[in-house]
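Report on one structure; see the data block that follows.
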Amino acid sequence: MRLDPSQLHRPELQELTALWDKARRGGGIPAIGGLSPVDVAPYLAHIVIVEVEETTDRIRFLQMGRELTPLFGDDMVGRYLDEMPAALRDHVEGTYRAMVAERAPQYAEFEVAGDSWMVIFERLMLPLRDESTDRVAGGMVAIYPRISIRKRVTHSDREEDSVAA
């Protein structure tokens, strides 16, 4: 889904979008080096940096924030999107491809659930171009929880859900 700024619940995603917009300098996609590392530093624990290989269009993970490794199930740095576990890859590959093809930010919400809990995540994908061309050469992907915890309390004949935000 293309980005509608009103959809962003997490202030961190709103701030990253503002940084990306500022780096655009009036239009187009910012260059890979257009975002200041100092400005992005507070968000790095929740950011994945990817590159799109020029000759193959394969997407490779260059950096993965420490908060995201458990979500991906493994440290994906240096590995490719097509090497992810199939269930996860099938869920995210279309959005990565849309970021490149549409040359535009992408936003999605997804949930991860266990027997007695659920977490809703927000994912913001911001394309970045090659320094010397207009080709989408990578992206910055920010993933933050928008937490909803569901505890099931089972009584003899009914089940209740309580949700905390």
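Being acidic (Asp, Glu) and touching a strand residue (DSSP E or B) at 6+ places or on another chain (Cβ under 6 Å) is the filter; apply it to region 130-147 and report the residue that is surrounded by the most Cβ atoms within 10 Å (Cβ to Cβ). Steps first, please.
Of region 130-147, the ones acidic (Asp, Glu) are 130-131, 134.
From what's left, touching a strand residue (DSSP E or B) at 6+ places or on another chain (Cβ under 6 Å): 130-131.
Numbers: 130: 16, 131: 10.
In this case the residue turns out to be 130.
From 107, 80, 43, grab the single residue that is over 13 Å from the mean Cα position of the chain (by Cα) and surrounded by 14 or more Cβ atoms within 10 Å (Cβ to Cβ). Steps first, please.
Working: 107 fails: over 13 Å from the mean Cα position of the chain (by Cα); 43 fails: over 13 Å from the mean Cα position of the chain (by Cα).
Just one listed residue meets the conditions, 80.
List, please: which pairs have Cβ atoms under 6 Å, are six or more places apart or on different chains, and start with a residue in region 95-115 that is farther than 16 Å from residue 20 by Cβ and end with one that is at pLDDT 90 or above and among the acidic types (Asp, Glu)?
109/122
Taking residue 125 and the conditions (1) surrounded by 19 or more Cβ atoms within 10 Å (Cβ to Cβ); (2) in contact (Cβ under 8 Å) with a residue 60 or more places away in the chain, which numbered condition does it fall short on, given that it satisfies the others?
(2)
From 108, 101, 113, which residue is at pLDDT 90 or above and not polar (S, T, N, Q)? Working first, answer last.
Values: 108 fails: at pLDDT 90 or above; 113 fails: at pLDDT 90 or above.
That would be 101, the only listed residue that is at pLDDT 90 or above and not polar (S, T, N, Q).
Determine whether region 20-32 contains at least one residue that is within 23 Å of residue 82 (Cα to Cα), surrounded by 12 or more Cβ atoms within 10 Å (Cβ to Cβ) and touching an Asp or Glu at 6+ places or on another chain (Cβ under 9 Å). Spell out the reasoning first.
From region 20-32, those within 23 Å of residue 82 (Cα to Cα) are 32; that's our starting set.
Now narrow it down to the ones that are surrounded by 12 or more Cβ atoms within 10 Å (Cβ to Cβ): 32.
Going one step further and asking which of them are touching an Asp or Glu at 6+ places or on another chain (Cβ under 9 Å), we end up with 32.
Looking through region 20-32, at least one residue is within 23 Å of residue 82 (Cα to Cα), surrounded by 12 or more Cβ atoms within 10 Å (Cβ to Cβ) and touching an Asp or Glu at 6+ places or on another chain (Cβ under 9 Å).
The values are calculated or read from the model by the stated rules, or taken from the named source; none is laboratory data. Fair warning: this is a prediction, and the values are worked out from it, not measured in the lab. Quick reminder, even Gly has a Cβ in these numbers, built from the backbone with ideal geometry, and neighbours come from all protein chains shown.
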